[in-house]
Amino acid sequence: MRPPVRPGGGKEAVVTAPKRVSQRLKTTRYEDDVHAWAQEQVHFLQAGAWARLDIEHLADEIADVGRSERHALTSALSVILLHLLKWDHQPTRRTRSWVTSIRTQRVVVAERLEDSPSLKSRIDVLVARAYHRALIEAAGETGLDEQTFPPACPYDVETIMTREIPWPPSDGQPRPQRG
């Protein structure tokens, strides 16, 4: 017999009999030790001990997972945008570390979108948030006034993820500083 498939065509899941849970097992309060609480909740879930679950805090923690994924994606986008802004507005200060940072964070963005494909539908909103952060940081790091930079993100998602950033620069710009 084939195991059931998750809704939406996801990976197959095997349903097993619940493990036994000792009724004498001490329950840790969420407020006292989140890590111990989480381990107990996993044990209760695996054992099918539904009555022992702390539903309120479990729901909050699951919601936090989604927020955490959005935050991580936004942070990676912000780093890319920061370095693209610096690349475009300070060509004589370009460094290999900017190129490395852009390339690394592109991988992070791609991995996050692969792990959470539903975030693709929110990517424009996340880019706008990331740009707001990147704009502030770019002004601070370059010493340029914020009004020097476009008020809205000048890069579309494809540009953010695929624009070539050559090293060493081959666009006839003055020799970049080392760094």
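Return a yes/no flag: does the stretch 1-23 have any residue that is modelled with pLDDT of 90 or more, farther than 30 Å from L113 by Cβ and either among the small types (G, A, S) or under 27 Å from the mean Cα position of the chain (by Cα) (or both).
Checked the stretch 1-23: no residue is modelled with pLDDT of 90 or more, farther than 30 Å from L113 by Cβ and either among the small types (G, A, S) or under 27 Å from the mean Cα position of the chain (by Cα) (or both).
Starting from residues that are buried (at least 16 other Cβ atoms within 10 Å of the Cβ) and not charged (D, E, K, R), keep the ones in the stretch 133-144 and report whichever is nearest to R93 (Cα to Cα).
Going through the qualifying residues, I end up with T142.
Do we have any residue at all in the stretch 75-83 that's farther than 21 Å from G140 by Cβ and open to solvent by 30 Å² or more (accessible area, probe 1.4 Å)?
So far as the stretch 75-83 goes, no, none of its residues is farther than 21 Å from G140 by Cβ and open to solvent by 30 Å² or more (accessible area, probe 1.4 Å).
Select from the stretch 44-68 the residues that are in contact with a Lys or Arg (Cβ under 8 Å, 6 or more places away or on another chain) and either without any contact (Cβ under 8 Å) to a residue 24 or more places away in the chain or crowded, with 16+ Cβ neighbours inside 10 Å (or both) and list them in ascending order.
F44, A47
Report yes if S121 is of a type in the set (G, A, S), farther than 15 Å from L84 by Cα and free of Cβ contacts under 8 Å to residues at least 40 places away in the same chain, otherwise no.
For S121, the condition - of a type in the set (G, A, S), farther than 15 Å from L84 by Cα and free of Cβ contacts under 8 Å to residues at least 40 places away in the same chain - is met.
Restricting to the stretch 84-111, name every residue that is closer than 16 Å to R163 by Cα and open to solvent by less than 30 Å² (accessible area, probe 1.4 Å).
Matches in the stretch 84-111: L84, L85, K86, W87, R94, W98, V99, S101, I102, V109.
Do we have Q147 as open to solvent by 70 Å² or more (accessible area, probe 1.4 Å), over 23 Å from A72 (Cα atoms) and among the polar types (S, T, N, Q) here?
In short, yes.
Name the single residue, out of those in the stretch 27-43 being among the β-branched types (V, I, T) and either in a helix (DSSP H, G or I) or touching a residue at least 40 places away in the same chain (Cβ under 8 Å) (or both), that is surrounded by the most Cβ atoms within 10 Å (Cβ to Cβ).
V34
The values are calculated or read from the model by the stated rules, or taken from the named source; none is laboratory data. Because the structure is a prediction, the values reported are computed rather than measured. Cβ coordinates were reconstructed from backbone atoms using ideal geometry, including for glycine residues, and neighbour counts include every protein chain displayed. We work out accessible area using only protein heavy atoms, side chains counted, and drop any ligands, DNA or RNA first. Shrake-Rupley method; radii C 1.70, N 1.55, O 1.52, S 1.80 Å.
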